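Before we start, here is the structure in question, set down as structure tokens.
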Amino acid sequence: GLLNDVIQKTDQLFLAISTLRMMNAELGGETVHQKAYHMLEKAIPAMDAVRTAADELEKVLPDSLLDMPTYREMLFVK
């Protein structure tokens, strides 16, 4: 049901945020080149995972529970 979906998707979001925090805490090397590759290969995919998890959670939550506009509402402001 809805509660199980919300719990599962919240857990996925929490895990994705935890991973992103770890990737941001890592410096990725000593050189600018190494740091850039770290961002490309580790941090950006972690950011994408957070976005995906947040989008999935947003899909199952009723709009009345959201204090902020949904991503779709921000894109298609009338």
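Residue by residue through segment 15-65, note down the ones that are farther than 29 Å from Leu3 by Cα, of a type in the set (A, V, I, L, M) and either in contact (Cβ under 8 Å) with a residue 60 or more places away in the chain or not in a helix (DSSP H, G or I) (or both).
Step one: of segment 15-65, the residues farther than 29 Å from Leu3 by Cα are 23-44.
Subset that is of a type in the set (A, V, I, L, M): 23, 25, 27, 32, 36, 39-40, 43-44.
Of everything in segment 15-65, just one residue is farther than 29 Å from Leu3 by Cα, of a type in the set (A, V, I, L, M) and either in contact (Cβ under 8 Å) with a residue 60 or more places away in the chain or not in a helix (DSSP H, G or I) (or both), namely Leu27.
Residue-wise test of (1) modelled with pLDDT under 95; (2) more than 10 Å from the chain's Cα centre (by Cα); (3) loosely packed, with under 12 Cβ neighbours inside 10 Å.
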| residue | (1), (2), (3) |
| --- | --- |
| Gly1 | yes, yes, yes |
| Gln8 | no, yes, no |
| Gln12 | no, no, no |
| Ala16 | no, no, no |
| Gly29 | yes, yes, no |
| Ala46 | no, no, no |
| Ala49 | no, no, no |
| Ala54 | yes, no, no |
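Every residue in segment 56-78 that is among the acidic types (Asp, Glu) and surrounded by 14 or more Cβ atoms within 10 Å (Cβ to Cβ), please.
In the first step, residues of segment 56-78 are kept if they are among the acidic types (Asp, Glu); the result is 56, 58, 63, 67, 73.
Residues satisfying the conditions are Glu56, Glu58.
The values are calculated or read from the model by the stated rules, or taken from the named source; none is laboratory data. The model shown is predicted, which means the values in this text are computed figures rather than measured ones. Ideal geometry is used to build each Cβ from the backbone, glycine not excepted, and the neighbour counts take in all protein chains shown.
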